[in-house]
1. Leaving ligands, DNA and RNA out of it, report the carbon-plus-sulfur percent of the accessible area of the chain at a 1.4 Å probe.
2. For T70, what accessible area in Å² do you get when you roll a 1.4 Å probe over the heavy atoms of the protein chains, rounding to the nearest 10?
3. How much mean residue ellipticity at 222 nm does the chain get from its helices, if each DSSP H run of length 4 or more adds -39500 (n - 2.57) and you divide by all residues, to the nearest 500 deg cm²/dmol?
4. Taking only complete DSSP H runs, can you tell me which helices of the chain stretch 20 Å or more along their own long axis by Cα positions and average at least -0.5 on the Kyte-Doolittle scale?
5. Under 16 Å from a point placed 7 Å out from the Cα of D67 along the Cα-to-Cβ direction: which residues of region 85-107 have their backbone N that close?
6. Quick one: how many Å² of E164 are accessible to a 1.4 Å probe, rounded to 10?
7. Calculate, for region 315-376, the solvent-accessible area per residue in square angstrom, rolling a 1.4 angstrom probe over the heavy atoms of the protein chains.
8. Can you work out D for region 173-273 in µm² s⁻¹ from Stokes-Einstein, where Rh is the Kirkwood radius over C-alpha pairs, the temperature is 10 °C and the viscosity is 1.306 mPa s?
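The values are calculated or read from the model by the stated rules, or taken from the named source; none is laboratory data. All of these numbers come straight from a predicted model, not from anything done at the bench. With ideal geometry, Cβ positions are generated from the backbone for all residues, glycine too; neighbour counts draw on all protein chains shown. The accessibility values were calculated without ligands, DNA or RNA, using every heavy atom of the protein model including side chains. Shrake-Rupley method; radii C 1.70, N 1.55, O 1.52, S 1.80 Å.
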Amino acid sequence: MRPRRQDHRSRPAVPGTAARLNSASALTRRSFLTLGTSALALGVCGRAAAASPGVPFGAAIQSDHFDDETYRQLFLDHCDMIVPMNELKFGLLQWERGEFDFTRADMLVDFARENGRTSRGHTFVWHSTNPPWLETITDAREGEAVLVEHIERVADHFRGRLTEWDVVNEVISNDPTRDASGALRDTVWTRLLGPRHIPIAFQAAARADPGAALVVNDYGLEPEGEVAEAKRRVMLDLVRQLQDANIRVDAVGLQAHLYAHFRVDVEGLGRFKEELERLGVGLTITELDVIDFQIHGGSRRQDRAAARVVSDLLDAVLAGPPPRALVTWGITDRHSWVDGSMPHADGTPSRPLPLDANDQPKAWYLDLRRRLTSAD
Ligand code: XIL
């Protein structure tokens with residue numbers, strides 16, 4: 001089974017629409033507070049253990065290529081943390097209703113553990129890569145039971161083996177200033193349960209794996225412009241609402257799929273990080289890669305553009321207390337979702353990842369490692 005692709009291109013910012021965010025917001029503080037949650041201990045989870053000093057570096061691995069020994073070795077050569085890219089998604093664990101298949105995910109998580117590396121879990125709740133049977137459910141109570149059972153079974157299975165879980169992924173709408181669904185994306189879970197699927201998911205995860213840090217993960221939080229600014233505001237609101245309801249949320253996950261033709265909003269992202277610090281919430285960079293289909297003129301230009309956005313990202317996230325970890329979405333340009341989802345129109349290969357197609361480190365990656373090592 002291959003997971004479905006999603007279109008990840010964000011829309012351009014539209015001036016004058018920020019004010020609509022509040023009125024369009026489907027997410028209100030009350031919506032969470034009426035949930036009647038039991039007070040959960042606000043656990044503070046430590047940062048992921050690192051083999052090297054500084055901020056732990058990790059990369060996402062794919063079971064599809066696991067037979068390739070050279071590929072496997074790259075993760076051992078470069079990573080403190082090895083993250084299953086797809087294998088912990090709903091549809092890959094529970095393709096048939098009630099039948100959980102942990103084989104591929106176990107293989108990757110155990111590979112990491114046996115080699116003294118950590119792993120993080122991605123993800124319980126997502127609008128994509130769901131099994132068809134899930135989309136046919138129409139009853140809210142049934143939906144809630146399925147959600148809770150999935151999280152409890154999966155989190156319980158991996159308890160003690162994952163430092164973090166992306167409890168929810170991409171719940172913020174693509175453009176909160178414009179989308180008809182308001183602040184939250186329209187998904188099977190919002191259709192069944194509304195915004196309360198988020199606290200329900202966090203509570204189930206906290207019960208099932210009290211030792212894992214619980215993360216709300218999303219994309220498009222890094223660039224300049226009012227759409228990203230709106231997404232950051234929605235994210236902070238979401239975190240505050242969970243906290244108001246005494247629900248444990250330990251970190252925000254910045255996916256950091258960076259468009260090489262956009263600028264990172266270093267100041268805006270820095271302010272966002274400070275705000276999270278004030279709330280006692282950490283930051284993990286969960287899926288860093290560079291999307292360069294707008295950069296023409298050869299690999300040098302692609303890498304120069306990549307170096308700029310990555311360096312700007314680091315300026316923002318390495319200011320103040322260091323992030324919990326930084327994870328790239330793959331390790332080598334030989335295997336990345338970017339060429340499949342956002343290819344160059346003329347067929348030029350993308351250069352999204354730390355190592356090029358010959359598995360040689362790029363200058364921006366070496367610089368990133370230096371900066372992670374000395375950040376502590
Ligand atoms: C992508 C994987 O990289 C692909 O292999 C898969 O076909 C689809 O999903 N944001 C996310 C990730 O949170 O789970 C996505 O991963 C990329 C975008």
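1. Numbers: 7080 of 15000 Å².
Roughly 47 percent, rounded to a whole number.
2. 80 Å²
3. -11500 deg cm²/dmol
4. On the way: long enough: 140-158 (27 Å, -0.22); 226-244 (26 Å, -0.47); 299-317 (27 Å, -0.33).
Length and hydropathy pass: 140-158, 226-244, 299-317.
5. 104
6. In the full protein context, E164 sits at about 0 Å².
7. Roughly 40 Å² per residue, with all protein chains present.
8. 109 µm²/s
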